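Each remark here refers to the structure printed beneath this line.
The values are calculated or read from the model by the stated rules, or taken from the named source; none is laboratory data. The shown structure was predicted, so the numbers you read here are calculated from the model rather than taken from an experiment. Backbone-built Cβ (ideal geometry, glycine too); neighbour counts: all protein chains shown. Areas reflect the complete protein model, heavy atoms only, side chains present, ligands, DNA and RNA absent. Shrake-Rupley method; radii C 1.70, N 1.55, O 1.52, S 1.80 Å.
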Amino acid sequence: MSIFKKKPTQELSLSDIALPAHVGIIMDGNGRWAKKRGLPRSAGHTAGAQTFRKIARYCSDIGIKYLTVYAFSTENWKRPSDEIDALMRLFKDYLQEAIRDFKDDSIVLRFIGDRSAFSPELLSLMQENEDESRDRDGMVLNIAMNYGGRAELVTAFRDIADKVKDGTLSPDAITEQTISDYLYTAGQPDPDLIIRPSGENRTSNFLLWQSAYAEYVIMDVLWPDFTQEDMNSALIEYAKRSRRFGGI
Ligand code: IPE
Ligand code: IPE
Ligand code: MG
């Protein structure tokens, strides 16, 4: 992976390119954005949540079919409790707003990750949002909350082992597709493009299995500063890549 530098002039525009079906975004850099301004980290998360609202809407408008955003990892519980509280408040605000204001929306909301750690209030808001949006026909928006790629695989392997134990699945019948079918993203295409703002060159446990052949675009903008133009730049960079999937 290497940092993708935005070119001063883009020779292509969105209308010239094929869009990826599934985009993942590691929404990183909120803390550094706040620090640069002498603000508490929570202010960076508030700003990042606004960017998320705008970019999710934009992706839906331009015709992205699946968007997966990394909002909170299984490792983020290591953070100070006041920061975690601020993040949980932001999740609650967004989920309440989504139920209240997105009645006529086409976006299908899904939550991926281990829900058992969340408060009963957040759990029921997540469930309500999924139930309300299930039959819509627009972009699928996966919000990864308490998500970890390794934890996801452990859960899948346990479920598969249970099937083997009760005799409904033979070990010989386990294929790559079987593993995919037991993940939170079952039934969805693998991500084609994963964008990481904030310049970090790592996956941080995001979509480990699913990203085997994803194109990574690392950008040095911090997430709260990420604009529609940055999204366009990432999509154009993606369109220029040669994806070979091991072939020639
Ligand atoms: C991403 O921004 C948001 C979460 C991980 C919840 P960070 O909070 O990681 O911001 P930096 O990386 O410290 O700047
Ligand atoms: C990844 O960012 C998780 C989210 C953006 C939710 P982190 O800030 O937690 O990742 P590291 O610690 O830099 O690897
Ligand atoms: Mg970070």
Label model pair residue 186, residue 225: point-to-point distance (7 angstrom along the Cα→beta-carbon line) in nm is 4.2 nm
Could you tell me which of the pairs 35/92; 78/103; 78/165; 36/103; 65/92 are separated by over 32 angstrom between their Cα atoms in the structure shown? 78/103; 78/165; 36/103
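Provide the net charge surrounding residue 202, with neighbours chosen by a C-beta distance below 13 Å and charges set as Lys +1, Arg +1, Asp -1, Glu -1.
Numbers: positive: 196; negative: 28, 75, 200.
Once all neighbours under 13 Å are counted, the net charge is -2.
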Please compute the net charge surrounding residue 81, taking Lys and Arg as +1 and Asp and Glu as -1 over other residues with Cβ under 13 Å from its Cβ. +1
Over the range 131-226 - Rg/Rh using Cα atoms and the Kirkwood inverse-distance radius: 1.04
Would you mind putting 74-86, 231-243 in packing order, based on average other-beta-carbon counts within 10 Å, highest first? 231-243, 74-86
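If a/c stays under 1.5 just call it rounded; otherwise compare a/b with b/c (prolate if a/b is bigger, oblate if not). Do that for the range 36-75, with a ≥ b ≥ c from the square roots of the Cα gyration tensor eigenvalues.
Working: a/c = 4.41, a/b = 1.73, b/c = 2.55.
Oblate, because a/c is 1.5 or more while a/b does not exceed b/c.
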Within the set of other residues whose C-beta is less than 9 Å from the C-beta of residue 133, count the net charge using Lys and Arg as +1 and Asp and Glu as -1. -2
If you put +1 on each Lys and Arg Cβ and -1 on each Asp and Glu Cβ, how big is the dipole of the chain around its Cα centre, in Debye rounded to 20? 940 debye
Inter-label distance, nm, simple model (7 Å from Cα along the C-beta direction), residue 114/residue 57: 3.5 nm
Fraction of accessible area attributable to carbon and sulfur, the range 135-248 (%, probe 1.4 Å): 48 percent
Subtract the Cα-Cα distance of residue 21 and residue 164 from 0.36 nm times their separation in residues, and report this length gain in nm to one decimal. 48.1 nm
Listed residues 127, 146, 45: farthest to the positive end of the dipole of the chain (Cβ charges): 45
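When a/c is below 1.5 the answer is rounded, else prolate if a/b is larger than b/c, else oblate, so apply that to the range 29-137 with a ≥ b ≥ c taken from the square roots of the Cα gyration tensor eigenvalues. Spell out each step's value before the answer.
Working: a/c = 2.05, a/b = 1.39, b/c = 1.48.
Since a/c reaches 1.5 but b/c is at least a/b, the shape of the range 29-137 is classed as oblate.
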Over the chain, the sum of -39500 (n - 2.57) across DSSP H runs of at least four, divided by residue number and rounded to 500 deg cm²/dmol, gives at 222 nm -13000 deg cm²/dmol
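Would you mind classifying the range 197-248 by shape? Square roots of the alpha carbon gyration tensor eigenvalues, ordered a ≥ b ≥ c; an a/c under 1.5 is rounded, otherwise it is prolate if a/b is larger than b/c and oblate if not. Don't jump to the answer; show the numbers that get you there.
Details: a/c = 2.76, a/b = 1.38, b/c = 2.01.
Oblate is the answer for the range 197-248, as a/c is 1.5 or above yet b/c matches or exceeds a/b.
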